[in-house]
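Okay, handing you the structure first.
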Amino acid sequence: MRLLDFVVKTEISDALGWTLIHSLWEGALIAAVLATLLVLLRSPRVRYVAGCVALLAMLAGFAVTLIRFLPELNSSAGTPSRVSLPPWNSMPDADGSNGQFSDFGRLVPWLAPVWIIGVSLFYLRYAASWLSLSTMQRRGTCTAPNSWQRTISRLALELKVSRPVVLLESLLVETPVVLGHFRPIVLVPLGLLAGLSPDYIEAILLHELAHVRRSDYLINAYQRLIEGLLFYHPAVWWMSRVIRAERENCCDDIVVDLRGDAHGYALALTALEQNRLKQEWPARETAVAATGGNLMKRIKRLLYPKGPSGIWAPALAAVVLMASTAMVLAAWHINSNSNVASQQFRQNVDNPWQKWLNEDVVYIISDEEKAAFEALKTDEEREQFVKQFWARRDPTPGTPENEFKEEHYRRIAYANRHWGGNLPGWKTDRGRIYIRYGPPDEIDSHPAGGSYNRPESEGGGSAMTYPFEDWRYAHFEGIGSLTIEFVDRSSSGDFRVTLDPKEKYKP
């Protein structure tokens, strides 16, 4: 349990938790766009590509969001750099509260281990399926008659399949399936080659060879990897169903284009389905089979290719969008419910305790200490907590003075005296950094802006700037040498931290 607590408290867990939350609305938006395209597009090939692109877009969105939330690292120790600062407590709101999402923010990192467990379970399931497929290649199989081996070789040449394809009969499959990418194997149920007419069998084998030519087995494997990573999102499973349905339609069109007999191919699929119903084994999801997708829809599309498109796609997209949005809103709503203890604290305690928590120590108190303080019931308990809070930070225990406490209040007074304006000095960016990290070793101040010679790292040359200050720390906490830049873009004395040095230049 301690190990889990340690993992949850890392910045990576927090970044992953927020990434999972944001991926809900991102995926819903991508699904809505895909559903709109499906209504407008009729070509199975284009619809298939659109589905694959949408699935990849969801993975890319997840990755980009995670990168944005991950903490930035200092690339070269000992060299002045501008990086993201170590996190401090969130800036208090005007009412003195510590932020609307503070309590919910503590729950977000716990999504990371839940997601990891879910991904592991899905990948274990897929691994078991792959092992089952490997067993199918070795057990209960026999080589198809030579006449059919020659037939599949001829059909492969007709489809321009460069890889050699092996045809096997199997006791463990109920419909023809393709296994493998580099050395593809087509497995057909035992007795199928003798139970259907040769024309039907050739059409079915062409369908399987179309999967080989299109590398569907490999794409299906990548598809499974994405499904495992984004298992929690309903849009992923809907996109996967779209991709698999259009994959079968693409292979059906290849067969019809080669044979020119849609009606005969529809009869072949019907005969194959009747043979499948006689079997007892479930289909393997990691293989690609001739009866994948909805068979009746495939047959109807073959016989009536110009039929009107329905409204199921946009309706489903709307459902996915509304469901994902509701999940996000529910997550935010958790905060209002889980903040009851904090609200009770603010209603029941006197102002001095609120001021101490939300002003005096807001930048140095930990989340655990804040939660413990808010849970206290009496003034005596709070007074004892405050004494222990400062005692834990006293660098010279046993002496009358607490140097840490004295220095802390001196910094607050200095910030209020020098940077106060529309906001108290302790609430400004310069104030909170000064209070949390102390005075810098060097300040390069340009209170009026004006002409400035840009260094080569910022493009060189002369430029006009807004008022700005550079604070240089030789030994910044947890990083090393660091420069923090403040820019007053409104020329009102409101200097804000910026991570981009080019923001100080006027356009």
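The values are calculated or read from the model by the stated rules, or taken from the named source; none is laboratory data. Being a predicted model, the structure only gives us computed values, none of them experimental. Because the Cβ atoms are built from the backbone with ideal geometry, glycine has one as well, and the counts that use them run over all protein chains shown.
Exactly one condition in (1) closer than 24 Å to residue 295 by Cα; (2) of a type outside the set (Ser, Thr, Tyr); (3) not in a strand (DSSP E or B) is not met by residue 167; state its number.
Unmet condition: (3).
Could you tell me whether residue 35 is more than 30 Å from residue 423 (Cα to Cα) and either modelled with pLDDT of 50 or more or assigned to a loop (DSSP other than H, G, I, E, B) (or both)?
yes
For the condition surrounded by fewer than 21 Cβ atoms within 10 Å (Cβ to Cβ), more than 30 Å from residue 54 (Cα to Cα) and either among the small types (Gly, Ala, Ser) or at pLDDT 85 or above (or both), what is the one hit in 167, 225, 171, 157?
Unique residue meeting the criteria: 157.
Of all residues in the stretch 10-32, which are among the charged types (D, E, K, R) and modelled with pLDDT under 90?
Answer for the stretch 10-32, where residues must be among the charged types (D, E, K, R) and modelled with pLDDT under 90: 11, 14.
For the structure I just gave you, tell me whether residue 454 is within 16 Å of residue 487 (Cβ to Cβ), modelled with pLDDT under 90 and either under 41 Å from the mean Cα position of the chain (by Cα) or of a type in the set (A, V, I, L, M) (or both).
yes
Out of the stretch 99-153, which residues are of a type in the set (S, T, N, Q) and modelled with pLDDT of 85 or more?
Selection gives 120, 146, 147, 149, 151, 153.
Related question: Which of the residues that make up the stretch 458-507 are assigned to a strand (DSSP E or B), touching a residue at least 24 places away in the same chain (Cβ under 8 Å) and among the aliphatic types (A, V, I, L, M)?
463, 464, 474, 482, 484, 497
Would you confirm, using the coordinates I've provided, whether residue 369 is more than 18 Å from residue 410 (Cα to Cα), surrounded by 12 or more Cβ atoms within 10 Å (Cβ to Cβ) and in contact with a Ser or Thr (Cβ under 6 Å, 6 or more places away or on another chain)?
No.
Take the stretch 193-202 and flag every residue that is more than 45 Å from the chain's Cα centre (by Cα) and under 24 Å from residue 133 (Cα atoms).
Of everything in the stretch 193-202, just one residue is more than 45 Å from the chain's Cα centre (by Cα) and under 24 Å from residue 133 (Cα atoms), namely 193.
Tell me which residues, restricted to the stretch 176-219, are closer than 19 Å to residue 254 by Cα, part of a loop (DSSP other than H, G, I, E, B) and among the hydroxyl-bearing types (Ser, Thr, Tyr).
If the condition is that a residue be closer than 19 Å to residue 254 by Cα, part of a loop (DSSP other than H, G, I, E, B) and among the hydroxyl-bearing types (Ser, Thr, Tyr), then 215 is the only one that fits.
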